[in-house]
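The structure under discussion appears below in the form of structure tokens.
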Amino acid sequence: MKHFLLALRFLTVYPFGASEEVSTEDLIESVIYYPLVGAMIGLLLFLFWRWAQTIWPALLAATLTVALWELISAGLHLDGLMDTFDGLGVRGDLEKRLAVMKDSRVGAFGAQVLVLSMLLKVSAVAALEKKAELIIFAPLAGRTVMVVLMATCSYARASGGLGKVFVDQVGMRQLVLSLGLFLLLGFAILGRHFFYTTLALAAVLLFLRYFFRVNFGGVTGDILGAACELHELAVLLLALIFA
């Protein structure tokens, strides 16, 4: 229970237990529960979206749902997406890209990807009809992908903070357990549609993993957040393709 609550606190605005002592081992073990936290976020969003549709038009209901989506995580992953694209927009070597990503200011590329990603997310949610359960699946997939990248990538910087701890120490045990949880929850949510949706999502993951390695030399905390956002968006767009 301790590790689950730690995952909940790390991935959401859940405020309780912040003063507790947390070891590195606790942090690493908590990633096993990332898929469960993602599914819980998705269920909350799904219920809110269904309720909002009974009061407001589809576009407004979708906008409020996406606003809640980002509020739940305090915009943490969205910040990573902006920082990552600010780094990609820099002309220069790898070190310059990584330096730009650490800058707390948002650049032109980060602002553009923020607007574009939010427009796409709102539009996709507004268009969902038959595949509405993918609102639950999207946060589940996004947070599972973070664990996969932690376990299979190297850290992009020679030194770093919390992101480096996760990337360096999350291993096969955490990966296998989190993937097992992802498979159980994903199948429960999507049924038979889970398999081809996951295959398509795996292709997106492999491409982005290669892209991050080529352009950054690995992953950072910001890149993990960006991966979460991009895979959530990919799930929603796949929903419209397969609908």
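Rule-based calculations on the coordinates, nothing more; no lab input. Since we're looking at a predicted model, the values are computed, not measured. With ideal geometry, Cβ positions are generated from the backbone for all residues, glycine too; neighbour counts draw on all protein chains shown.
Computed quantities for the displayed model
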{"item": "Cα Rg, Dmax (largest Cα-Cα span) when computed across the stretch 37-175, Å", "result": "17.2, 51"}
{"item": "Order by protection proxy (mean Cβ within 10 Å, highest first), peptides 27-34, 128-135", "result": "27-34, 128-135"}
{"item": "Whole-Å distance, taken between Cα centres, linking the stretch 209-243 and the stretch 119-193", "result": "9 Å"}
{"item": "Principal axis dimensions, largest first and in whole angstrom, of the stretch 108-243 by Cα", "result": "47, 40, 21"}
{"item": "Count of Lys pairs (Cα-Cα under 21 Å; at least 8 positions apart or interchain) in the stretch 2-242", "result": "4"}
{"item": "Compactness index (Cα Rg / 2.2 N^0.38 Å), the stretch 143-200", "result": "1.35"}
{"item": "Reduced Cα scattering model of the chain, Debye log10 I(q)/I(0), q = 0.14 Å⁻¹", "result": "-0.91"}
{"item": "The chain: most fluctuating residue of Val90, Val66, Val170 per GNM, C-alpha cutoff 10 Å", "result": "Val90"}
